[in-house]
Amino acid sequence: MLAFLAGCFVVAALLAIGEALLPATADCPRSRWESFALTYLVGSAAVVVCGSAILAVGLPFVAVAAVVLVLGLLAILMTLRRGSQLILVPEVELARRPGFAPLTGALLLALGVGSVLASIAMPINEFDPMLHFAYKGKILAELGSPLDEAMVGLVDADGQPRAFGRIITHPNYPLGVPILEALVSVLGRGWHDRWIQLPLAFWALCLPAAVFFGLRPCGKRAARAGALVAAVTPILYERNFLENGWRDFSEAGLGNEVTLGAGADLPLAAMLTASCALFLHGRRAEQARLQWLAGLCLAGAVMMKNEGLALFGCVLLALLLSGALLPLGRAAHRARASLAGAGLAIAGILPWLNLRGRLPAIDENYTEHFTLERITHFLNGGAELVERSPKALVGQADELLADPPARMAELPGYFTSEFTDLRSWGLMWLLLLVALPWRPREWRCADRRWLAMLALGGVLLYFLILLVTPWYLPLLREKGIPERLLLHLIGPICLLIGWRLGEDPETEDAAARSEEVTPRG
């Protein structure tokens, strides 16, 4: 019971901290659905970014728990006080409503509640959540430091991985999910495999609402369309949706099919969605505070999974190349706020990068592999790394070792199969093709440009990562790669799709004209 109450408190603290950081609903209209999603995501980002910074300066994890406890209580009291004083005029109250039909609202509610229940259906025991995240959470909760011997003692005196005695494969994975788990454990005075997941149960519920909020300035019709596309994309809830009927949901936590719970792909997707939505809404509605919070959520995405760092660079590059960070012309005020948000994101990840540099990189140091020479080697037909396959490790892959296949003979087919997999993705990839800014008037809009660059650049980024991966590629495919990586991009893709499906040509023409860059006199 104490673990359950601790989980409930951590969730309440995340919501209250997010509420304290966001503008009041009178200044930034949003429904209760959107408010829940945004406060949860912004609060989670703030806690994991600040928690990583506290650990990076050498303080024990109990200091993180104490800070969250104090700030959470203060934020809860402030939220209750703000709620008791909130009086909205009818026009503002009307603007807050999402405007879904009753049946559609019921569907969204059912999907959201179902995702929460599936997340905590059983104690975690999947490979990734258990060994990559819960193990680190236990180290933080019990030993107090990510630099404990349990993490840094995985290499010998020469810096090479130990040949035996290793429990964990990626000690330099970010600490976002472990921090949230460890908070419940410390405040609940013990580790409970079910309830440490409680703060991790709301990612799928919040993601469509964040898309809705991001598209609000583009019109309610666009917001509803984007949220629905996100909500009904099957892979948001389960890989290979209903391939085995309802059995996969009844066995949540027992295999690699369900993507909910304590894994980090869905948290990364939700954080990236929140960042893109806040950037888009803040830029279209000319609210600088939302763009600063977008930078915070972008830093939060980095704290969730290693790929978050690669996407971090992809987001900043898309903003830069699209001109969204150039303070010129009529939209200069938007660019200055975006630039400040990007600066906050960079500042937010620096403590983690310092801490990460002190953790050993075992098996998966892409800094060494992501070179032009290695990319060219595999593009030109370089052989698959069969020696990293399970059969080769036990001496049963003589034929493959003698004549290994070319990696490029396999990889493109993996992506093609995902783009045409209606069971996992529905019509999302087809709709993305339609949603890209093909027309010149659309390309004049900086926000369409950076969203399109991020969506396409993210796909290219993951193709290149899998091209140079040191792992045996067919084994990664069995574990759900690349679909688990492509899931990270669902937010910006649904923002583009919703904008297209709900666009008003006259409004879009006016918006494009407002973004035309004119030289300063």
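Read-outs: derived from the displayed coordinates by stated rules, not from any lab. What you see is a predicted model; the values in this text were computed from it and never measured. When we count neighbours, we look across all protein chains shown, and the Cβ atoms used for this are built from the backbone with ideal geometry, even at glycine.
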(message) If each residue of separation counts as 0.36 nm, what is the full-extension length gain between Ala347 and Leu460 once their alpha-carbon separation is subtracted?
(response) 38.0 nm
(request) Enumerate the amide H contacts of Ala406 below 5 Å, restricted to partners 5 or more residues apart or on another chain; note that Pro and chain-start residues carry no placed amide H. (result) Glu384
(request) Once you have a ≥ b ≥ c as the square roots of the Cα gyration tensor eigenvalues for the stretch 132-200, tell me rounded if a/c is under 1.5, and otherwise prolate or oblate according to whether a/b is larger than b/c. (result) prolate
(message) Rounded, prolate or oblate for the stretch 274-340? Axes are the square roots of the Cα gyration tensor eigenvalues, ordered a ≥ b ≥ c, and the cut-off for rounded is a/c under 1.5.
(response) oblate
(request) Starting from the Cα of Lys136, draw a straight line to each of the lysines and keep only those under 25 Å, dropping any in the same chain fewer than 8 residues away. (result) Lys305, Lys479
(message) At q = 0.13, 0.14, 0.16 Å⁻¹, what log₁₀ I(q)/I(0) does the stretch 345-483 have when each alpha carbon counts as one equal point scatterer in the Debye sum?
(response) -0.80, -0.89, -1.06
(request) With r as the distance between the Cβ atoms of Lys479 and Cys8 and R0 = 35 Å, compute the FRET efficiency 1/(1 + (r/R0)^6) and round to 0.05. (result) 0.60
(request) Can you find, among Leu278, Phe9, Met453, the residue farthest towards the positive end of the dipole of the chain? Put +1 on the C-beta of Lys and Arg, -1 on that of Asp and Glu. (result) Leu278
(request) Please report Met304, Met408 as a ranked list, fewest other C-beta atoms within 10 angstrom at the top and most at the bottom. (result) Met408, Met304
(request) Report the one residue of Val232, Pro129, Leu464 whose Cα lies farthest in the direction of the positive end of the charge dipole of the chain (charges on C-beta: Lys and Arg +1, Asp and Glu -1; origin at the Cα centre). (result) Val232
(request) Assign one of three labels to the stretch 325-422, namely rounded, prolate or oblate, based on the Cα gyration tensor with a ≥ b ≥ c the square roots of its eigenvalues; rounded applies when a/c is under 1.5, prolate when it is not and a/b is larger than b/c, and oblate otherwise. (result) prolate
(message) Take Leu80 and Val116, extend 7 Å from each Cα along the Cα→Cβ direction, and tell me the distance between the two endpoints in nm.
(response) 2.0 nm
(message) Quick check on packing: order 152-160, 46-54 by the mean number of other C-beta atoms within 10 Å, highest mean leading.
(response) 46-54, 152-160
(message) At R0 = 35 Å, how high is the FRET efficiency between Arg32 and Leu69 if r is their beta carbon distance? Nearest 0.05 is fine.
(response) 0.85
(request) Please give the residues of the stretch 419-441, grouped as numeric ranges, whose backbone N is less than 20 Å from a label point set 7 Å along the Cα-to-Cβ vector of Glu243. (result) 419-430
(message) What's the magnitude of the charge dipole for the chain around its Cα centre, counting Lys and Arg as +1 and Asp and Glu as -1 at the beta-carbon? Answer in Debye, nearest 20.
(response) 1840 debye
(request) Against the globular-protein guess of 2.2 N^0.38 Å, express the Cα radius of gyration of the chain as a ratio, rounded to two decimals. (result) 0.96
(request) Between Leu131 and Ala288, with labels modelled 7 Å along Cα→Cβ, what's the label distance in nm to one decimal, could you check? (result) 4.9 nm
(message) For the ranges 16-27, 306-317, what's the packing order if you count other beta-carbon atoms within 10 Å of each residue, average per peptide, and put the highest first?
(response) 306-317, 16-27
(request) Per DSSP H run of at least 4 residues, take -39500 (n - 2.57); add these up for the chain, divide by its residues and hand me the 222 nm value, nearest 500 deg cm²/dmol. (result) -19000 deg cm²/dmol
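Filter the chain for me: DSSP H helices, axial length by Cα at least 20 angstrom, mean Kyte-Doolittle hydropathy not below 1.6. List them by residue number.
Working: long enough: 2-21 (28 Å, 2.32); 32-56 (35 Å, 1.32); 61-85 (36 Å, 1.82); 102-119 (26 Å, 1.75); 265-284 (28 Å, 0.71); 288-302 (22 Å, 1.29); 307-321 (21 Å, 2.36); 332-356 (36 Å, 0.64); 446-468 (32 Å, 1.65).
Long hydrophobic helices here: 2-21, 61-85, 102-119, 307-321, 446-468.
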(request) Quickly work out the Arg423-to-Tyr366 label distance, labels modelled 7 Å from Cα along the C-beta direction, and quote it in nm with one decimal. (result) 2.7 nm
(message) Using 0.36 nm times the number of residues separating Leu59 and Asp158, minus their current alpha carbon distance, what extension gain do you get?
(response) 32.9 nm
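Starting from the Cα-Cα distance between His333 and Ala106, subtract it from 0.36 nm times their residue separation and give me the gain in nm to one decimal. Intermediate values should be presented prior to the final figure.
Numbers: separation 227, 0.36 × 227 = 81.72 nm, distance 3.95 nm.
Here the answer is 77.8 nm.
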(message) Which residue, Gly498, Ala24, Leu433, has the largest displacement toward the positive end of the dipole of the chain when charges sit on each Cβ (Lys, Arg +1; Asp, Glu -1)?
(response) Ala24
